[in-house]
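Peer 1: Below: one structure in structure tokens.
The values are calculated or read from the model by the stated rules, or taken from the named source; none is laboratory data. As the structure is a prediction and not an experimental result, all values here were calculated from the model. A quick note on method: Cβ atoms are made from the backbone with ideal geometry, for glycine too, and the neighbour counts reach across all protein chains shown. For the accessible areas, the whole protein counts, side chains as well, though only heavy atoms, and no ligand, DNA or RNA atoms are used. Shrake-Rupley method; radii C 1.70, N 1.55, O 1.52, S 1.80 Å.
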Amino acid sequence: MDDMAKTSTTTQGLRAAIERSGYYPALVAEAVEAAIGGDTIRSYLVHQETTFDANEVRRHVTVLVLTGNRFIVSHTDEQNADTTSPTPYATTSTESVKLGRISSVVVSRVVANPESYTPGTLPREVVLTIGWGAVSRIDLEPAACGDPNCEADHGYTGNSTADDLSLRVSEAGDGPETVRQALAFAQSLSEATADVAR
């Protein structure tokens, strides 16, 4: 398959995945396509999630796209009518990150019965965490010494973690194909960031 045909197939696959999510597909597709522009899509992941907030059910979709030199994140949330809007509404945001800015790609796999694990078996759950320095979390706690009677102020200790995006997919909730696609996207992104680092 030549590059032009592969690009067309990948673009159609992304559109089909957005349609399958069933979550405002015209709105999501327009935002994602505008962010991609004329770039060639190397890999993508579409993840629709339903959450429960008090008495409300909320849905949101995250679309991750890898191009030749960028990582694109699109996130769409729906909101119920409130004091700022008399009708329900959706908010869509996109962020485009140069591959050279990505500092970490973390893939956590949860497997059942690890003692009998067979290579190639799909994990039960995958958590993909990507950091590029836009958001950092700082966890602090009071520092202490080993003396239980010490009343001195030892300041604080803690750590800073880049935690720009964390996405969890599971076989039970999202289906095996979404887990497979999450792993494929993570591998493509890891390889792309390694290529940029060379």
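Peer 1: Please state the relative contact order of the chain as a whole percent: Cα pairs under 8 Å, 6+ residues apart?
Peer 2: Details: 326 pairs, mean separation 31.3, N = 198.
Relative contact order here is 16 percent.
Peer 1: OK, next. Tell me, what is the 1.4 Å probe accessible area of VAL57, in Å² to the nearest 10?
Peer 2: Rounded to the nearest 10, that gives 90 Å².
Peer 1: Calculate what fraction, in whole %, of the accessible area of segment 87-138 sits on carbon and sulfur atoms when a 1.4 Å probe is rolled over the protein chains. All intermediate terms of the calculation are to be shown ahead of the outcome.
Peer 2: On the way: 1700 of 3290 Å².
On segment 87-138, the fraction of accessible area on carbon and sulfur atoms equals 52 percent.
Peer 1: I need the per residue convex hull volume for segment 1-118, using only the alpha carbons, in cubic angstrom as a whole number. Spell out each step's value before the answer.
Peer 2: Details: hull volume 21.6 nm³, N = 118.
Per residue, the Cα convex hull of segment 1-118 comes to 183 Å³.
Peer 1: For a protection proxy built on the mean count of beta-carbon atoms within 10 angstrom, sort 69-76, 183-190 highest first, please.
Peer 2: 69-76, 183-190
Peer 1: Tell me whether the chain comes out rounded, prolate or oblate; compute the Cα gyration tensor, take square roots of the eigenvalues as a ≥ b ≥ c, and use a/c under 1.5 as the rounded threshold.
Peer 2: Prolate.
Peer 1: If you don't mind, another one. Over the chain, with the other protein chains present, what is the accessible area per residue in square angstrom, probe 1.4 angstrom? List each step's numbers first, then the result.
Peer 2: On the way: 12020 Å² over 198 residues.
Ligands and nucleic acids excluded, the result is 61 Å² per residue.
Peer 1: Now, a different point. What number, rounded to the nearest 500 deg cm²/dmol, is the helix-based mean residue ellipticity at 222 nm of the chain, given -39500 (n - 2.57) per DSSP H run of at least four residues and division by all its residues?
Peer 2: -9500 deg cm²/dmol
Peer 1: Using a Gaussian network model on the chain with a 10 Å cutoff between Cα atoms, which of PRO148, PRO123, PRO25 fluctuates the most?
Peer 2: In the Gaussian network model the winner is PRO148.
Peer 1: Please determine, in degrees from 0 to 90 and to the nearest 10, the orientation of helix 176-197 with respect to the longest principal axis defined by the Cα atoms of the chain, where the helix direction is its Cα long axis.
Peer 2: Tilt relative to the chain: about 80 degrees.
Peer 1: Of ASP147, ASP77, ASP164, which has the largest mean-square fluctuation in a 10 Å C-alpha GNM of the chain?
Peer 2: Of the options given, ASP147 has the highest mean-square fluctuation.
Peer 1: Here's another thing I want to ask about it. Relative to the first principal axis of the alpha-carbon coordinates of the chain, what is the inclination of helix 3-21, with its axis defined by its Cα atoms, in degrees from 0 to 90 and to the nearest 10?
Peer 2: Orientation of helix 3-21: about 70 degrees from the principal axis.
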